[in-house]
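The values are calculated or read from the model by the stated rules, or taken from the named source; none is laboratory data. Note that the coordinates shown come from a computational prediction; the quantities given were computed from them, not determined experimentally. Every residue, glycine among them, receives a Cβ derived from its backbone with ideal geometry; neighbour counts consider all protein chains shown.
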Amino acid sequence: MSDFRSDTVTQPTAAMKQAMMDAPLGDDVFGDDPTVNRLQQTAADMLGFEASLFAASGTQTNLIALMTHCQRGDEAIVGQQWHTYRWEAGGMAVLGSIQPQPLEHQPDGTIALADIEAAIKPDDPHFAKTRLVVVENTTGGKVLPLAYMREVSALAKQRGLRAHIDGARLFNAAVAIAGNDDPVATARALCSGYDSVSLCLSKGLGAPVGSVLLGSKEFIQQARRVRKMLGGGMRQAGILAAAGLHALEHHVHRLAEDHANARALSEGLSRIATSHPKLEGKMAVHAANTNILFVDVDASIADAFLQHLAAHSVKVTSGTQRTKERAVRRIRWVTHLDVNQRDVERALEVVSAF
């Protein structure tokens, strides 16, 4: 089986499991789990923040950040397709009483600075008070450039707003930007000027569970209270934190392998789409900037195509998407720690046989 559904399906490596078994433990609600404390300090040092907080998921760390930055009735500027707005069950509104102000994306995944500035409300009792700008990097696998990240944080500061990064795949962005340079230094540069960052450990980094929220000591102190309110306080959490610590120490640089496999998959699917008569005009392959690849398949063959993949144990996810011309099935392929070069080659063989 080749599982391209998400980088969340990775299994802990043998070395990661051993680190979990060997982790010294305490009670993290009392603040004395040494492994959790080491993870939090390591993450903060890597990304240039004073402190960080370990939590169960990226959805939780994002919500904790939003509820720490904003009060009831405040507003957060977000992207239409960003996780904080679209994929987190409306938590900011339902649990945080925070009004989202969603904005349309540009083709490269960014939100135009002029659109962000235009969405900032004047200080008027008729409006929710704009408090926060949220950025997601990567977004749909697309990398938001360093220059753009700096422009957003500068705009937020200029307008007296706070700025948060949903960095679920921040290190994927850093690896893509860094090239031969140090991706950790690049990740630190991407975060510079932002008030908080949420970083997933359970996606490309390969831990089985967990995310960290980073910010100032004062911010994290307040965030800890919100985590408790949301039921996120964990006791002997070091057994989980050890996996995240191992991921940060050993799995950042290897993300380049996932990017290379996604490029190989994209190139192979593009060749098949242009050389097979049955697929002519019926399959459009998007570029893979990091480890996520989207392929649009015409509705007339989509069901048969997906059934063919499933029958040959190639797992993907898909959803209906409307382009300017027609409705298509958009299939998402994600490369990760448990997808190797042979999985990519086998997937291409299966598609070619369709």
Exercise for the section: Go through the range 291-309 and give me each residue that's buried (at least 18 other Cβ atoms within 10 Å of the Cβ) and either of a type in the set (Val, Ile, Thr) or under 16 Å from Ala353 (Cα atoms) (or both). Expected result: Ile292, Val295, Val297, Ala302, Phe305, Leu309
Exercise for the section: Please indicate, with yes or no, whether at least one residue in the range 205-212 is touching a residue at least 24 places away in the same chain (Cβ under 8 Å) and touching a Cys at 6+ places or on another chain (Cβ under 7 Å). Expected result: yes
Handout entry: Residue in the range 63-95 that is surrounded by the most Cβ atoms within 10 Å (Cβ to Cβ), counting only those that are closer than 16 Å to Leu230 by Cα and more than 21 Å from the chain's Cα centre (by Cα)
Key = Cys70
Practice task
Show the residue pairs that are 6+ apart or on different chains and have beta-carbon atoms under 7 Å apart, the first residue being within the range 303-328 and closer than 16 Å to Lys282 by Cα and at pLDDT 90 or above, the second being part of a helix (DSSP H, G or I) and aliphatic (A, V, I, L, M).
Solution key: Ser318/Leu306; Val328/Ala299
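Being of a type in the set (Asp, Glu), in contact with a Leu (Cβ under 9 Å, 6 or more places away or on another chain) and assigned by TED's automatic domain parsing to the domain that holds Ala223 is true for just one of Asp22, Asp28, Asp33. Which residue is that?
Checking each option against the conditions leaves just Asp33.
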Practice task
Could you grab the pairs with beta carbons closer than 7 Å, sequence gap of 6+ or different chains, first residue in the range 262-287 and touching a residue at least 60 places away in the same chain (Cβ under 8 Å) and over 18 Å from Gln321 (Cβ atoms), second one buried (at least 17 other Cβ atoms within 10 Å of the Cβ) and among the aromatic types (Phe, Trp, Tyr)?
Solution key: Leu265/Trp333
Problem - Only one of Arg263, Arg235 that is more than 25 Å from Asp343 (Cβ to Cβ) and either at pLDDT 95 or above or of a type in the set (Ser, Thr, Tyr) (or both) - result: Arg235
Handout entry: Cross-chain or 6+ apart pairs with Cβ under 7 Å, the range 113-126 first and free of Cβ contacts under 8 Å to residues at least 12 places away in the same chain and hydrophobic (A, V, I, L, M, F, W, C), then in a helix (DSSP H, G or I) and loosely packed, with under 10 Cβ neighbours inside 10 Å
Key = none
Handout entry: Lone unmet requirement of (1) among the aliphatic types (A, V, I, L, M); (2) over 25 Å from the mean Cα position of the chain (by Cα); (3) buried (at least 19 other Cβ atoms within 10 Å of the Cβ) for Ala288
Key = (2)
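Which residues, taken from the range 221-238, are part of a helix (DSSP H, G or I) and either more than 23 Å from the chain's Cα centre (by Cα) or within 13 Å of Gln40 (Cα to Cα) (or both)?
Within the range 221-238, Gln221, Gln222, Arg224, Arg225, Lys228, Met229, Gly238 meet the criteria.
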Handout entry: Pair list, Cβ < 8 Å and 6+ apart or interchain, from the range 168-193 residues that are more than 17 Å from Val134 (Cβ to Cβ) and assigned by TED's automatic domain parsing to the domain that holds Met149 to residues that are of a type in the set (D, E, K, R) and surrounded by 19 or more Cβ atoms within 10 Å (Cβ to Cβ)
Key = Asn172/Asp258
